[in-house]
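The values are calculated or read from the model by the stated rules, or taken from the named source; none is laboratory data. Fair warning: this is a prediction, and the values are worked out from it, not measured in the lab. Don't worry about glycine lacking a Cβ; one is built from the backbone with ideal geometry, like all the others, and counts go over all protein chains shown. With ligands, DNA and RNA removed, areas are computed over all heavy atoms of the protein, side chains included. Shrake-Rupley method; radii C 1.70, N 1.55, O 1.52, S 1.80 Å.
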Amino acid sequence: MYNKAILMGRICNDLELKTIPNGASVLSFRLAVDRSYQIKGEERKADFFNIVAWRSTAEFISRYFAKGRMILVEGELQTRQYIDKNGSTQNVVELVVNTAHFTGEKATNSNSNSYGGYNPPPPANTTANAAPAISSGSTNDFVETGSDDDYPF
């Protein structure tokens, strides 16, 4: 069996990282994904999906993303049931995230960059660990071999 879904859209709600009694982090949010088509004369429609991330993935998303930001998530679709406050059984379909990715979305303010608000550290001193310069060679650097029988393959 194969169960994999990839969605890219905008986060619909404020992110609130929670910790369950066993200490695991969990993050639930809704993702708005625009449809690939638009009916002439109407606004583009979107579909809304329930997303759940656990442990380090949940912590990563809550740290570097926020409401309104674009995100790409990969994971598996799962269904679960719960009983609502009226006593009715409700079915829910969720994408359980395995990995989350930045989308390269351009930032909207000057304090942020295209990494969803994550500012990578400046590069280390590159002169100390720089690779040696490569000089171009000539065909005189190569030696011609006798015959094809000299090769082991």
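Summary table
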{"quantity": "1.4 Å probe accessible area per residue over region 1-115, in Å²", "calculated": "70 Å²"}
{"quantity": "Pairwise label distance in nanometres, E94 with N3, each label 7 Å out on the Cα-Cβ vector", "calculated": "1.3 nm"}
{"quantity": "Region 1-89: relative contact order as a whole-number percent, Cα under 8 Å and 6+ apart", "calculated": "37 percent"}
{"quantity": "Whole-Hz couplings from phi, Karplus 6.51/-1.76/1.60, listed for region 85-100; x for Gly and Pro", "calculated": "5, 8, x, 8, 7, 10, 9, 10, 10, 10, 9, 8, 6, 9, 9, 10"}
{"quantity": "Net charge, F49 excluded, C-beta distance under 10 Å - Lys, Arg +1, Asp, Glu -1", "calculated": "-1"}
{"quantity": "In region 1-98, trypsin sites (Lys or Arg not before Pro) in a DSSP loop with at most 16 other beta-carbon atoms within 10 Å", "calculated": "K4, R35, K40, R44, K45, K67, K85"}
{"quantity": "Vicinal HN-Hα couplings computed from phi for region 32-48 (Karplus, 6.51 cos²θ - 1.76 cosθ + 1.60; Hz; Gly/Pro x)", "calculated": "8, 10, 5, 6, 7, 10, 9, 6, 4, x, 10, 6, 5, 9, 10, 10, 10"}
{"quantity": "Area accessible to solvent at S62, 1.4 Å probe radius, in Å²", "calculated": "40 Å²"}
{"quantity": "Karplus-derived 3J(HN,Hα), 6.51/-1.76/1.60, for each residue of region 61-77, Hz, glycine and proline x", "calculated": "5, 5, 7, 10, 10, 8, 3, x, 7, 7, 9, 10, 10, 10, x, 10, 7"}
{"quantity": "Cross-link table K45/K67; K4/K45; K40/K67; K45/K85, entries beyond 27 Å C-alpha to C-alpha", "calculated": "K40/K67; K45/K85"}
{"quantity": "Prolate/oblate/rounded call for region 2-46, Cα gyration tensor, a/c under 1.5 rounded", "calculated": "oblate"}
{"quantity": "Measure of compaction for region 1-103 (Cα Rg per 2.2 N^0.38 Å)", "calculated": "1.17"}
{"quantity": "Accessible-area composition of region 1-67, carbon plus sulfur, in percent [1.4 Å probe]", "calculated": "49 percent"}
